[in-house]
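Derivation of every value follows stated rules applied to the coordinates shown; laboratory data play no part. Just so you know, these numbers come straight off a predicted model, no measurement behind them. Here Cβ is always computed from backbone atoms with ideal geometry, including for glycine, and neighbour counts include all displayed protein chains.
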Amino acid sequence: MTTEQADAAVAQADGKTWAPLDEAIKALDEAAGETEGSALAVFADQLDRLRALRCYFRTLRNAAAWVAGVHGYIEAKDPAGKEKRRAMVRAMVDDEIRNAKDLAALFESSKTRFMPVDPTGETFNMYGTNLPELILKKVALMEKHRNDEPRIDPDFMWRLPKDAGLDPKAYLSIEDRVRRGYP
C-alpha cells in the first residue's frame, strides 16, 4: 500500500463508513430496547456483531492511517509535512487505543461469540480466551510509544527471541543476510 493509497483508504473510511454503521448500531440498540424474549436475544446478538465489526473496521482504517502517517513522515521533505504526518500517527494511536479498549470490553461483556476463539488456548493462528489480556498489552505498548518518532525498524523481521541461542550480531549482520540470500 502506498502512502497515497493509504490516505485514500483513510478518507474513504472516515467519509463513508462511520455514519451508516453508527446509524445501524443505533437502530438495533433502539429496537432491542423495545423487544423482549427470544427476539431480544437476536437483536443483542446482531448488535454485538455490528459493534465488533465497527472495531474491526476501525483497526483496518487505523492500519491504513499508520501506513499513510509513517510512510508520509519518512517521505516528507519539510518540517511542516513531517509534523502533519506525526500528528496523523498520534491521532491514529489514540483512536486505536480507544478502539482496542472497546473491543476488550465488548469481548468480556458480550454473550455473542463474534469471533473465533480457541477455548484450549492461543495458537499461532487463533486467539485464546486471553484475548482481553493481549489487547491490554497492545494498549500499553501503544501508550508507551505514542510519542515516538515515526519510523520503520529495518530489522523487525530478523529479531529472534533472546533464548533462541543465536548471537544477534551474527544473524543481524548484513554479511549474514547476503550469505543467506536476503536483502
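Dipole magnitude of the chain about its Cα centre, charges +1 at Lys/Arg Cβ and -1 at Asp/Glu Cβ only, in debye to the nearest 20?
Numbers: 28 positive and 31 negative charges, 123 e Å.
In total the dipole reaches around 600 debye.
Shown is the FRET efficiency for His145 and Asp22, computed with R0 = 30 Å from the Cβ-Cβ distance and rounded to the nearest 0.05: 0.55. Within the straight-line cut-off of under 19 Å between alpha carbons, the lysines reachable from Lys138 are Lys101, sequence neighbours fewer than 8 places apart in one chain being disregarded. When both region 104-125 and region 51-95 are represented by their alpha-carbon centers, they are found 27 Å apart. Between (i) 29, 21, 16; (ii) 31, 28, 15; (iii) 37, 24, 13, which matches semi-axes √(5λ) of the Cα gyration tensor in Å calculated for the structure shown? Recomputing semi-axes √(5λ) of the Cα gyration tensor in Å here picks out (iii).
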